[in-house]
Amino acid sequence: MKFGGSSVGDAQRIKNLAGLVNPNENTIVVLSAMSGMTDRLNDISGYARDGKYSLCVTRLIETAEYFKNTAINLFDDNDELNSAWQFITGSFDKLIDLVEKPWSQRSEYKLVSSGELITCQLAFRYFRSIGWDCGYLCATDYMTGDQYEPDYSATSKKLIELMANSENHNLYFTEGFICRNNENEVSNLGRGGSDFSATIIGSLLGASVIEIWSDRDGLLNNDPRFVSNTFPVENLTYREAEELAYFGAKILHPNSIEPAKRTGIPILLKNTFNPNAKGTLVYTDAMADEYKAVAAKDWVTAIKVHSGRMMNSYGFVNKIFEVFDKYRTPIDVITTSEVSVSITIDNIRYKDEIINELNRLGQTETFENQVIICVVGNFDTNTGEKLSSIFGSLGEIPVKMISFGSSRTNLTFITDSEYKSRILNILNQTLFHKKPCLAQNRF
Ligand code: ASP
Ligand code: MG
């Protein structure tokens, strides 16, 4: 069971986990840092990088106070409280030493890891203090990897050894997000990586289910910030969930689906604040014949490369890819014709350099402020009808790129960001509320 930052956002919320976790069932509880903590620690790292030592120290002292206040509200027993305070003070003393030294990426990882380390200690110590028979597994003792690249075999070996050598409990607490790299330095699995930790652990230990508890009722069928009548999707295949997670449905980290998919373990997305809601079950690859959800990602840039040299030649697309590779810029959507390739990117840091190099391969055109709209569901049957109802409903809205692959789990298209809200609403009506809705008539 993984609980996100808002599920452990204050002392009361940590106590409330008692209503969700069954201490008699074999469970590993994976915790994120208290909400906002990783951002706060990242800010402090920024000050350290800029050499603002006294600001770092002030912020670190404030952060230590914040944890100490949480501890006051958690522990009734004075000894428990003192011991938690000592742990917090000890951790922050080390961090104050750390910010004095020349700053590096590794110092940042160390600093940021304290969010999960302290949150997890507080929760574990609280449950132990109320008499639960539980243990603690320190993520940096077993989770091995670096920035979205777990080392499964090292992690598995260390985790199994650690559990075999620790006292036997049904329930263990551990930190999400943090790990150690192969050089044995503290690192992490990347922002939002606690979900990833949970699915790695669940898959390595052969869990019956991996539960991800957040503050939402599951993955929604559309974006509630733009569309009013959204609802949680009850079932998703792994592939559908991967598509949706990528498209900004912040509830589940996109990388976290792979370990569960590989081992066939279901992921259940639940709401800590509404535990009776069914949530979303991510499982199997057997698709029901229905639309599941619509998602959008805006502020992307589309780049079109046009060249007659592409015709009947090989290796051209590869040359284009090499440019993106060189600048370590991931491609989101790609469409091709005989003489052109269109690509979208989200990270525009090296956009100018990329375009300069692409200009040598052909004529380029760039479109800023684009939105990727993704319809997820089963397009295996009545494909023509489904595509025609989607595009038919868009009326005069200009579509720049369309991507529809053989996976048949999603249809993706690109248009100007200004149409985002309108499209999400149109598709919500057309696909989920079964009212044909022509763009030009309704909006
Ligand atoms: N605390 C980390 C973050 O905010 C990891 C996580 O919450 O999943 O990115
Ligand atoms: Mg998260």
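The values are calculated or read from the model by the stated rules, or taken from the named source; none is laboratory data. Just so it is clear, the model here is predicted, and its values are computed rather than measured. Note that we place each Cβ from the backbone using ideal geometry, even for glycine, and neighbour counts take in every protein chain shown. Remember, those area values only see protein heavy atoms, side chains included, never the ligands or the DNA or RNA. Shrake-Rupley method; radii C 1.70, N 1.55, O 1.52, S 1.80 Å.
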**Request:** Find the relative contact order for segment 1-154 and round it to a whole percent, using C-alpha pairs within less than 8 Å whose residues are 6+ positions apart.
**Result:** 27
**Request:** Provide the FRET efficiency to the nearest 0.05 for the ASP79-ASN26 pair, computing r from the beta carbons and using R0 = 35 Å.
**Result:** 0.75
**Asked** On the accessible surface of segment 1-160, probed at 1.4 Å, how many percent belong to carbon and sulfur atoms?
**Response** 46
**Prompt:** Once fully extended, how much extra length lies between VAL209 and ILE402, figured as 0.36 nm per residue of separation less the alpha-carbon to alpha-carbon distance?
**Reply:** 65.9 nm
**Prompt:** Summing -39500 (n - 2.57) over the DSSP H runs of n ≥ 4 in the chain and dividing by its residue number, what mean residue ellipticity at 222 nm do you reach, to the nearest 500 deg cm²/dmol?
**Reply:** -12000 deg cm²/dmol
**Item:** Label-point gap, in nm, between ARG106 and HIS306 - each point 7 angstrom along Cα→Cβ
**Value:** 5.1
**Message:** Can you tell me the convex hull volume per residue for segment 125-269, based on C-alpha atoms, in Å³ to the nearest whole number?
**Reply:** 129
**Message:** Give the lysines whose C-alpha is closer than 26 Å to that of LYS304, dropping any in the same chain fewer than 8 places away, or say none.
**Reply:** LYS319, LYS326, LYS351, LYS400, LYS420
**Request:** Output ³J(HN,Hα) for segment 265-281: one whole-Hz value per residue in order, computed from phi by the Karplus curve 6.51 cos²θ - 1.76 cosθ + 1.60 with θ = phi - 60°, and x for Gly and Pro.
**Result:** 8, x, 10, 10, 9, 10, 9, 4, 8, 8, x, 6, 5, 4, x, 10, 9
**Request:** Give me the Debye-computed log₁₀ of I(q)/I(0) at q = 0.16, 0.22, 0.24 Å⁻¹ for segment 94-183, equal point scatterers on Cα only, no solvent, two decimals.
**Result:** -0.74, -1.12, -1.20
**Request:** Show the residues, 5+ positions off or on another chain, whose built amide H is closer than 5 Å to the amide H of TYR136.
**Result:** PHE173
**Item:** Computed label-point distance, nm, for sites TYR148 and LYS68 using a 7 Å Cα→Cβ extension
**Value:** 3.9
**Complete:** Once CYS138, CYS56 are ranked on solvent-accessible area with the largest value leading and a 1.4 Å probe, the list reads CYS138, CYS56
**Asked** Tell me, what is the FRET efficiency for ARG328 and ALA164 to the nearest 0.05, using R0 = 25 angstrom and their Cβ-Cβ distance as r?
**Response** 0.05
**Asked** Projected area of segment 1-79, taken from the Cα convex hull and averaged over every viewing direction, in nm²?
**Response** 6.6
**Prompt:** In terms of the ratio Rg/(2.2 N^0.38 Å) built on C-alpha atoms, what value belongs to the chain?
**Reply:** 1.09
**Request:** Give the accessible surface of the chain per residue, rounded to a whole number of Å², with probe radius 1.4 Å and ligands, DNA and RNA excluded.
**Result:** 46
**Fill in**
On the accessible surface of segment 228-298, probed at 1.4 Å with all protein chains in place, carbon and sulfur together account for a percent value of 50
**Prompt:** By per-residue mean of other Cβ atoms within 10 Å, what is the highest-first order of 311-322, 398-409, 374-385, 263-274?
**Reply:** 263-274, 374-385, 398-409, 311-322
**Item:** For the chain: relative contact order, % (alpha-carbon pairs under 8 angstrom, 6 or more apart)
**Value:** 12
**Message:** Give me the net charge for the shell around ALA293: Cβ to Cβ below 12 angstrom, other residues only, Lys and Arg +1, Asp and Glu -1.
**Reply:** -4
